[in-house]
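This report concerns only the one structure given below.
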Amino acid sequence: MRFLQCNTPFATFAVLAVVTQLVLRAAGMEYCLTQLTMALYYALVVLGLCLVTGHAGQVSLGHAAFFAIGGYTSAFLTTHDFGPLPEPAWATGLKQARVLIEHSDLYGGTALSVSPWAAVVVALLLTFVVAHLIGYPALRLKGHYLAMATLGFGLIVSKIVVGTAQLGASDGITGVPEWPLGFGLTVSGRRTLRVENYYIACGLLLLTLVLLRNLIRSRVGRALQAIHDRETAANAMGINTAAYKLGAFVLSALLAALAGVFFTHYTGSISPSEAGALKSVRYLALAAAGGMASLWGVTAMSVILNYLSLRGFFGSYDNAVFGAILILIISLAPEGPLKPLGQWLRHGLNRNHHPRDETTGAPPGASDGAPRIH
Amino acid sequence: MAFLEVENVRRSFGGLVALDRVSFTVCRGQIKGLIGPNGAGKTTLFNMVSGLLAPEVGQIRFKDRTITGLKPFQIARLGISRTFQNPSLFLRMTVLENVMVGRHLRSRASFLSSSLRLPGQVREEQHIRAEAWRHLEPLGLAALADRPAGSLAFGQRRMVELARALATEPELLLLDEPASGLNTREKADLNQVIRRIRASGVTLLLVEHDMALVMDLADDIVVLHNGTPIAHGPPATIQNDPNVIQVYLGGEPDGIPPAGELNLKWTRPR
Amino acid sequence: MENGSMALQYLLSGITKGSIYAVVAIGFNLIYSATGVLNFAQGEFVMLGGMVAIMLAQLGLPLVVAVGAAVIVVSAVGCLLEITFFRKLRHHSILHMIIITIGLSIVIQEIALHIWDEKVRSLPYFTGNEVSSLKFFGAAISPQVLWVLGAIAVSVVLLHIFLRYTLQGRAMRACASNPEAAMLAGINIPNMRTLSFGLSAALGGLAGCVISPITMTHYEMGAPLAIKGFAAAILGGLGNPMGGVIGGLTVGILEAFAVSRLPAAFNDVAAFVVLLLVLFVRPHGLLGRPGGEAVREH
């Protein structure tokens, strides 16, 4: 029973995902799944921010850069023609191991590029290294300084991306191949695979949610929260605060990069706007809108708002909407607009079933523990 | 062999010398009192022992190991825990979770094992929870376990902080004014709790303004004044030390110094 | 000789850019020391100043009037922001403040986009035109550069005099160094905070006008200026108004010389790398004392 209760939100998420797909099919609006899938990938980035900002209390204004590092590395390696390679043993070995694969290029010739799986590994490794290099010095800074340092980092990445011809400069990289995941699944923007890809994204998000939920309710989660609440006391209690902050930062960077990789293979392209500071700000806005520390609030808000934005719902006021969201939510409901709603819902549920069980049974959209923002 | 040795430490802030030429030792199993008027440097000394501040000169050794220059979390791992003058709880966590944080250095689960909920991590988590309860109950906090720490009264916060510090299973416990802000009844409880802590084999270093409490509990007392020790010895000796009486001008050894400490005209003892 | 005059050319262009960064940095410092808020929207004041002046000039107002009116309008916008947003939120945490100023910056940008569209505009040269130039030890400088340097130098000096010698200015400094004591002394702290926003907006607006003929005015120009201005403020020691001048000139000159070495697309990268290095190595600034400001727990 307790197991069931703990996992109600996840089951609800799964049911909601299936229902959405069926409803859209019935309504003949399956084309909407494309933007929904993209919104699900963006939600991964925001969930990473939820961990690092909502739980560990460290502001990042550079997460679009990690998304871009993931996406661009993967796009570059899978589209760049490395051939013709010399024929020493290692090159042949790489080919045999299917790290390098031959495919036909635009002009009908053959090109030699890195296989998607190998590219993903490289992308994540690179992110891991960069996140350490930036996170180690930056996380010693606090408040405004940390925000500025991460923003500065984001701008550097975005300028490099725009300024490098090999990365397509202001056009970005197109023609990124599809990514066969195995088990008969392929990350691809092909119309015939639209439903399949929607479920791949749902699955990835669900998996991330489960892992993050576990993490938050553990020794590590408590350490992060302690750092957020009172760093000095946390340190005096034996928590290696620097290492934990870095761990949370790197993990969230990896999530952002993973989202970038999937997104790039799904849409078949990546453009410099993905690396822009406005994207980073948007991720932070979404996290704030979802209540910052609430996994479910953050997921719901980022999927819904990003979906609306991708469908062009906000028209030319797109950025303004996110800016306004930031201002309004922080000044009127700093713990997220969903918290009062969640409490109300929970109150209703508890009256019907269990008089007191605060840690479980929260419906999606309700807060997961007390939303915290600092 | 000394358990904790503070040797000739000095620390200043800007031009202001907070501590100078401070040396004393604490023996295993002792309750050592550290008293002195406000601004005497007691908290600064605590912050140096627990690693929040580094001394400019001098050394601090714990169990014959130099701990100056170590980070607070490293010192905590060696077996020194502390409380703060203003209870420094994690306000958005529950009381139980606060004490569970105290078990941090006695547990090992990593980012990976925690997110995957590996069997070892699950078992460890149960253990952490059980240990936290074990430290809550003797302090009468069991009923508060699920309350957010931010909703507690001041005296309760002190107790939770004490439980959190004890949960680390320290060998040396630093208590920074544990009785301040407590009522008479709570002070009496605290007295009993501290005695039990000592009985369990923990060494204590106690900064306190409540003279009755210190004189009753401490085996040995160091008196700090303007950053330097002016007397050192068992309570009976301290109570009759002319320097100390002069510093606490009221001269009542078993009372809190008069409320307007700052109004007293200090004469620097030579 | 050729090399020398090239170097001088870069130096001059660095000083021109640097003086703009200095103004933004001073704006940061004024607001930061009076309110504790780091205003990410600082660059938008520069953009607004340029835009409003251009609009007024196009309506046929004389340049002087257009610029003067623009400064007043931008200053009013600054005061308004403080009154609407920051007055009520003083108890909010640093993170909240950061997010709100970022939000403001985006919204101001978007409003500018909808009023003035995406076109790159500029004010006419104050004297002469694009091609007129003065020779200065073999380097060519546009008369507008002199306008920029002159206007900024004068306003910085005026600001300095204001802060140091007038009652209001002293009250503002008092409020920055010890708000409680200032309040006890009868200083109206909320008004001082509004004043700090108004002043730094006015400075930004003026900079936006004088720089417009050279760098053009575009709705997106604010954010990069804010970042570089922040780098300048950090270099000079955050909270030290005049430190921003040195910081700004340093960033500007570094950037100008970086342009001569790096591909054009990377010219902003240099400034941001400097920002990161300074933050990581000397967060208290080149001039500031290590006071644990950046690593302090808020």
field: Where only alpha carbons of chain B are counted, the Rg and the Dmax (Å)
entry: 19.4, 65
query: Which value in nm describes the separation of the simple spin-label points at C:Ala181 and C:Val65, placed 7 Å from the Cα toward the beta carbon?
result: 4.8 nm
- prompt: Among the lysines, which have Cα under 24 Å from the Cα of B:Lys187 when same-chain residues fewer than 8 positions away are ignored?
  reply: B:Lys32, B:Lys42
statement: Here the net charge surrounding B:Glu5, from other residues whose Cβ is less than 15 Å away from its Cβ (Lys, Arg +1; Asp, Glu -1), is +2
query: Under 22 Å from the Cα of C:Lys88, which lysines turn up, not counting those fewer than eight places away in the same chain?
result: A:Lys339
message: Could you give each residue of the range A:132-143 its phi-based ³J(HN,Hα) in whole Hz, using Karplus coefficients 6.51, -1.76, 1.60 with θ = phi - 60°, and x for Gly or Pro?
response: 5, 4, 7, x, 4, x, 5, 6, 6, 8, 10, x
Inter-part distance where the range A:183-221 and the range C:187-254 are each reduced to a Cα centre, Å: 45 Å
message: Angle check, please: helix C:42-58 long axis (alpha carbons) against the longest principal axis of chain C (alpha carbons), in degrees 0 to 90, nearest 10.
response: 60 degrees
- prompt: Are there any helices in chain B, counted as whole DSSP H runs, that stretch 27 Å or more along their axis by Cα and score at least 1.0 on average by Kyte-Doolittle, and if so which?
  reply: none
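What number comes out for the charge environment of A:Thr267, summing +1 per Lys or Arg and -1 per Asp or Glu over other residues with Cβ under 12 Å away? Provide the component values of the computation, followed by the final result.
Details: positive: A:Arg190; negative: A:Glu178, A:Glu274.
Here the count lands on -1.
Calculate the dipole size of the range A:175-310 relative to its Cα centre from +1 charges on Lys and Arg beta carbons and -1 charges on Asp and Glu beta carbons; express the result in debye to the nearest 20.
On the way: 11 positive and 5 negative charges, 40 e Å.
Computed charge dipole of the range A:175-310: roughly 200 debye.
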field: Contact order normalised by residue count of the range C:142-298, Cα under 8 Å, 6+ apart, percent
entry: 17 percent
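What's the FRET efficiency of A:Ala27 with A:Thr192 using the Cβ-Cβ distance as r and R₀ = 25 Å, to the nearest 0.05?
Values: r = 20 Å, r/R0 = 0.78.
Result of the calculation: an efficiency of 0.80.
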statement: For the pair A:Tyr317 and C:Ile161, the simple spin-label estimate (label points 7 Å beyond Cα toward Cβ) gives in nm 4.6 nm
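May I ask you to derive the FRET efficiency for A:Val18 and B:Arg106 from their Cβ-Cβ distance with R0 = 60 Å, giving the value to the nearest 0.05? Walk me through the numbers on the way to the answer.
Details: r = 44 Å, r/R0 = 0.73.
Between A:Val18 and B:Arg106 the formula returns 0.85.
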- line: Put in order of increasing Cβ neighbours within 10 Å, starting from the fewest, A:Val99, C:Val71 give A:Val99, C:Val71
- prompt: When the Kirkwood hydrodynamic radius is evaluated over all pairs of different C-alpha atoms of the protein assembly as shown, what value in angstrom, to one decimal, is obtained?
  reply: 30.9 Å
task: Kindly write out, for the range C:251-261 in residue order, the coupling ³J(HN,Hα) from the Karplus curve 6.51 cos²θ - 1.76 cosθ + 1.60 (θ = phi - 60°), rounded to whole Hz, with x marking Gly and Pro.
output: 4, x, 5, 4, 5, 4, 6, 5, 4, 6, 9
query: Rounded to the nearest 0.05, what FRET efficiency is calculated for A:Cys6 and B:Ala130 with R0 set to 25 Å and r the Cβ-Cβ distance?
result: 0.80
query: If the label point is 7 Å along Cα→Cβ of C:Met216, which residues in the range C:1-45 have backbone nitrogen under 18 Å from it?
result: C:17
- prompt: Under a Cβ-Cβ cut-off of 11 Å, what is the net charge of the residues other than A:Leu146 that fall near it, where Lys and Arg count +1 and Asp and Glu count -1?
  reply: +3
field: Residues of type lysines that C:Lys228 reaches as a straight line, Cα spacing below 26 Å, ignoring anything fewer than 8 places off in the same chain
entry: A:Lys142, A:Lys159, A:Lys279, C:Lys17, C:Lys119
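How long are the semi-axes of the equivalent ellipsoid of the range A:1-65, taking √(5λ) for every eigenvalue λ of the Cα gyration tensor, in whole Å from largest down? All intermediate terms of the calculation are to be shown ahead of the outcome.
Numbers: eigenvalues 159, 93, 5 Å².
They are 28, 22, 5 Å, listed from largest to smallest.
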message: Using a 7 Å offset from the Cα along the Cα-to-Cβ direction at both A:His80 and A:Phe128, what is the distance between the two label points in nm, to one decimal?
response: 2.0 nm
task: Please express the Cα-Cα pair-distance distribution P(r) of the range A:2-352 as a list of whole percents, one per 20 Å bin, running from 0 to the bin with the greatest distance.
output: 29, 57, 14, 0
message: Could you tell me how many cubic angstrom of Cα convex hull volume the range B:96-216 has per residue?
response: 111 Å³
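Every number here is computed from the coordinates shown, using simple stated rules; none is lab data. Everything numeric in this text was worked out from a predicted model, so none of it was measured. Counting neighbours? That spans all protein chains shown, and the Cβs are built from the backbone with ideal geometry, glycine included.
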